[in-house]
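Notes follow the structure.
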Amino acid sequence: MAFLQMNLMSQSLMRSVPVNVILPADKLVFPGMPQREEKPYKTLYLLHGVFDNHTAWVNGTNIQRWAEEDDLAVVMPAGDNMFYVDQEAAHNYYGEFVGKELVELTRKMFPLSDKREDTYIAGLSMGGYGALRNGLKYHETFGCIAGLSVAFIIDDIDKRTNDTPFFIESRSYAESVFGDLSQVAQSDKNPKWIAKNLAEAKAELPKIYIACGLDDSLLSRNQELQRDLKELGYDVTYEEAAGAHEWDFWNRHIKRVLEWLPLEGGQAGINGGNVGI
């Protein structure tokens, strides 16, 4: 299993951005087992949550082993604490980077499929928000979207104050990310707004998977989110299970995401945990 650590110069962000890539191009199989057909890889763009970076998914889950088994390429960029939305004034086009530029660059660099039905975006918490926002905005690129414990925090974001000891809950922080808070609900920084417009335009809609833990403080927001998307006509798979806002839950459910995605399935490659004895 090839695991690549690199930095990409981004025009959308005007700086070098760390990105990790899982690419099963070096996968070995036991003698007599069928070799994978030579063709571009299906690809999952996987976004981290707040306070984390491009290393989070590999450190916190078994995504590397499961991606190898499923012959899936996984691209994991750094997204700072900015919810993967565009911030025009600072030229921080995080959404444009993950939804468009990163896809174009990695397709140039690696043998990745350019088909919509082979291209997916997912994330946890803040990354779940980013996956929904950008998967919907760039719906012509992504055929499937998955959000775990989606941090859908904008329904009442314009009511925030700075009377809080935790900066991420403050009005100032929200304004630094989303801009004028009174305008967020009716803008492309709101996944529900994008979803409604796509449905009304009768666009080809991505399939969506959402999961949240029963002890997660975001549970009610995820329940409402999936209901609203279903009412708009989206094909939504929604799951609740034991767990909180924690890696144990996300590790279990990223496996569920891979089972839900239209992957071909495969076999484990030869490695230290699969030596044929």
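The values are calculated or read from the model by the stated rules, or taken from the named source; none is laboratory data. This is a predicted model, so every value here is computed, not measured. Using ideal geometry, Cβ is built from the backbone for each residue, glycine included, and neighbour counts are taken over all protein chains shown.
Values computed for the structure shown
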quantity: Tyr41 within 22 Å of Ala151 (Cα to Cα) and either of a type in the set (Phe, Trp, Tyr) or modelled with pLDDT under 95 (or both); calculated: no
quantity: Selection count where residues are within 19 Å of Asp156 (Cβ to Cβ) and either in contact with an Asp or Glu (Cβ under 6 Å, 6 or more places away or on another chain) or of a type in the set (A, V, I, L, M, F, W, C) (or both), scope segment 195-228; calculated: 5
quantity: Out of Pro34, Pro111, sole residue that is in contact with a Pro (Cβ under 6 Å, 6 or more places away or on another chain) and under 23 Å from Ile270 (Cβ atoms); calculated: Pro111
quantity: Residue match in segment 2-21 (condition: of a type in the set (D, E, K, R), modelled with pLDDT under 95, surrounded by fewer than 20 Cβ atoms within 10 Å (Cβ to Cβ) and farther than 23 Å from Trp260 by Cβ); calculated: no
quantity: Positions within segment 89-119 being over 20 Å from Ile22 (Cα atoms) and either crowded, with 16+ Cβ neighbours inside 10 Å or without any contact (Cβ under 8 Å) to a residue 60 or more places away in the chain (or both), in sequence order; calculated: Ala90, Asn92, Tyr93, Tyr94, Gly95, Glu96
quantity: Every pair of residues 6+ apart whose Cβ atoms lie under 9 Å, when the first sits in segment 182-207 and is touching a residue at least 60 places away in the same chain (Cβ under 8 Å) and farther than 30 Å from Thr161 by Cβ while the second is assigned to a loop (DSSP other than H, G, I, E, B) and small (Gly, Ala, Ser); calculated: Glu204/Gly143; Leu205/Gly233; Pro206/Gly143; Lys207/Gly143
quantity: Matching entry among Asp228, Asp215, Asp158, Asp163 (being part of a loop (DSSP other than H, G, I, E, B), of a type in the set (Asp, Glu) and either touching a residue at least 12 places away in the same chain (Cβ under 8 Å) or closer than 17 Å to Ala122 by Cβ (or both)); calculated: Asp215
